[in-house]
Amino acid sequence: MRDILITLIVFASLPYTFKKPYIGVLMWVWISVMNPHRLSWGFAYSFPFAAIVAGVTLLALVLVKGPRKLPATPAVKVMIAFTLWMTVTTLFAIHPSDSYEMMMRVMKIMLMTFVAMMLIRDKEQIHFFLWTLVGSLGYYGVKGGLFTAMTGGSFRVWGPDSSFIHGNNEVALALVVLVPIIYYLFMETANKWLKRGLLVSIPLCLLAAIGSYSRGALLALLAMSFFLWLKSPKKVVVGLAITLTIPLLVMFMPAQWGQRMDTINEYKEDASAMGRINAWWMAYNLAVDRPLTGGGFEIYDAGVFARYAPIPNDIHAAHSVYFQCLGEHGFIGLGLYLGTVMLCWRRANWIIRQTSAWAEFQWAGKLARMIQVSIIGFGVGGAFLSLLYFDVPYYLLAMLLVTGQLVQDQLQLRQQTGTAAKLLVPSAKRAAY
């Protein structure tokens with residue numbers, strides 16, 4: 001039954017994609033982030049829904065008339081450069097065939113990220129995109145939170161099979177990243193029932209993240225919570241909620257959870273933590289030996305560790321987006337990746353400054369702040385996980401840049417019509433960020 005339902009939903013959406021191409025982007029996000037076909041047991045489990053949706057969306061991008069421009073900001077250019085650089089490192093990869101296979105998977109994500117920036121054009125479509133993202137990931141957060149509550153936290157929460165977030169650590173970080181976006185929709189939603197649903201989903205997602213037993217996600221959660229309070233327009237309410245909620249969730253967990261979290265302070269005695277440090281040294285040594293291109297995708301095997309790791313037989317994945325990028329794409333790749341994030345952060349600050357005095361643009365300032373909170377959560381948690389190619393952070397950066405372009409266009413239009421205050425009109429230099 002699930003197979004038929006998922007198939008009907010996907011194929012029913014395809015004709016509408018040619019009428020409104022952004023619908024194809026929403027379907028892509030649903031398929032790629034939620035992986036609903038992995039919740040079935042029949043033919044739909046391995047059916048290429050994502051490829052079909054992507055193909056139809058690309059056709060609509062070409063055939064359907066309408067504006068098709070990427071946001072005019074340096075962040076997009078650096079993101080494109082990072083994407084192209086990954087193809088260069090694949091040409092010089094240590095394992096060319098395996099690297100090529102992974103590169104094709106990553107290129108699909110990056111391509112659809114750029115397509116999303118071209119097809120999502122206004123506030124309503126941005127909100128549709130965010131609702132799709134929240135629904136896709138929030139399903140696992142609510143489900144995982146209820147599971148943790150019913151089992152008393154005795155079992156770990158896991159993500160969907162055959163996805164970037166299948167592991168307990170990965171799904172936990174994804175939920176931490178999602179919480180600020182849920183909070184943004186809560187602030188912007190007028191429907192009281194939707195607001196109540198979003199309000200309930202936040203502690204459930206947090207409980208699911210804690211119930212994953214992920215130490216990295218706990219650190220990300222603490223960093224995200226502090227920055228959420230810092231960026232929130234209602235600091236007293238949010239501060240009180242955080243102060244009450246997180247300690248209660250932690251107290252709910254059994255003793256075995258506390259024992260695992262205590263190993264953060266005893267990392268030298270923890271085999272998993274020391275294995276990660278060994279993988280970090282491997283990535284650094286590899287990058288020093290191959291500073292321009294790194295080793296390409298899929299470098300975590302006995303041969304590479306024997307050559308570059310301090311402990312050759314302790315083979316682990318990178319367990320860090322930063323060392324993963326450094327080892328796979330060299331110092332240039334790491335610079336381009338960090339440059340993309342930094343430029344997006346500056347764009348968020350620009351949005352916040354420019355919209356502070358305009359009531360109709362308050363939503364853009366709030367969204368920029370909440371995406372910054374998500375970036376902090378991912379930046380901290382990602383230091384301990386191999387999630388460099390996880391699509392959700394790229395999608396959030398894309399919506400941030402689309403929002404920035406929308407704000408910039410509207411302010412420039414007001415300048416031309418003489419209705420914008422001179423102080424709020426971006427100069428040519430400031431508009432570049």
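When you scan the range 94-103, do you find a residue that is outside any helix (DSSP H, G or I), out of contact with any His (no Cβ under 7 Å at 6 or more places or on another chain) and either closer than 18 Å to residue 218 by Cα or not acidic (Asp, Glu) (or both), even just one?
yes
So which residues in the range 148-164 are surrounded by fewer than 16 Cβ atoms within 10 Å (Cβ to Cβ) and of a type outside the set (Val, Ile, Thr), if there are any at all?
Within the range 148-164, 150, 152, 154, 155, 161, 162 qualify.
Here are the criteria: (1) hydroxyl-bearing (Ser, Thr, Tyr); (2) farther than 28 Å from residue 258 by Cβ; (3) at pLDDT 90 or above. Tell me which single one residue 162 does not satisfy.
Only one criterion in (1) hydroxyl-bearing (Ser, Thr, Tyr); (2) farther than 28 Å from residue 258 by Cβ; (3) at pLDDT 90 or above is unmet by residue 162, namely (3).
Return the residues of the range 383-409 that are small (Gly, Ala, Ser) and touching a Gly at 6+ places or on another chain (Cβ under 8 Å); say none if nothing qualifies.
Across the range 383-409, the qualifying residue is only 383.
Inspect the range 118-132 for any residue being in a helix (DSSP H, G or I) and touching a Gly at 6+ places or on another chain (Cβ under 9 Å) and give the result as yes or no.
Yes - at least one qualifying residue is present in the range 118-132.
For the range 224-238: of the residues being surrounded by 18 or more Cβ atoms within 10 Å (Cβ to Cβ) and either among the aliphatic types (A, V, I, L, M) or not assigned by TED's automatic domain parsing to the domain that holds residue 250 (or both), which is nearest to residue 382 (Cα to Cα)?
Result: 224.
Working only within the range 53-93, note down all residues that are without any contact (Cβ under 8 Å) to a residue 24 or more places away in the chain and in a loop (DSSP other than H, G, I, E, B).
65
What number of residues within the range 165-186 satisfy the criterion of being part of a loop (DSSP other than H, G, I, E, B) and buried (at least 22 other Cβ atoms within 10 Å of the Cβ)?
Counting residues in the range 165-186 that are part of a loop (DSSP other than H, G, I, E, B) and buried (at least 22 other Cβ atoms within 10 Å of the Cβ) gives 1.
What number of residues in the range 84-117 are farther than 20 Å from residue 48 by Cβ, surrounded by fewer than 20 Cβ atoms within 10 Å (Cβ to Cβ) and not small (Gly, Ala, Ser)?
Number satisfying all stated conditions: 9.
Would you point out which residue out of 318, 273 is of a type in the set (Gly, Ala, Ser) and surrounded by fewer than 22 Cβ atoms within 10 Å (Cβ to Cβ)?
When all the criteria are applied, what remains is 273.
Can you find even one residue in the range 347-366 that is over 30 Å from residue 410 (Cα atoms) and in contact with a Gly (Cβ under 9 Å, 6 or more places away or on another chain)?
Checked the range 347-366: no residue is over 30 Å from residue 410 (Cα atoms) and in contact with a Gly (Cβ under 9 Å, 6 or more places away or on another chain).
Could you identify the single residue in 375, 352, 332 that is buried (at least 21 other Cβ atoms within 10 Å of the Cβ) and β-branched (Val, Ile, Thr)?
375
The values are calculated or read from the model by the stated rules, or taken from the named source; none is laboratory data. Note that the structure is predicted; figures quoted are calculated from it, not measured. All Cβ positions, glycine included, derive from the backbone under ideal geometry; neighbour counts span all protein chains shown.
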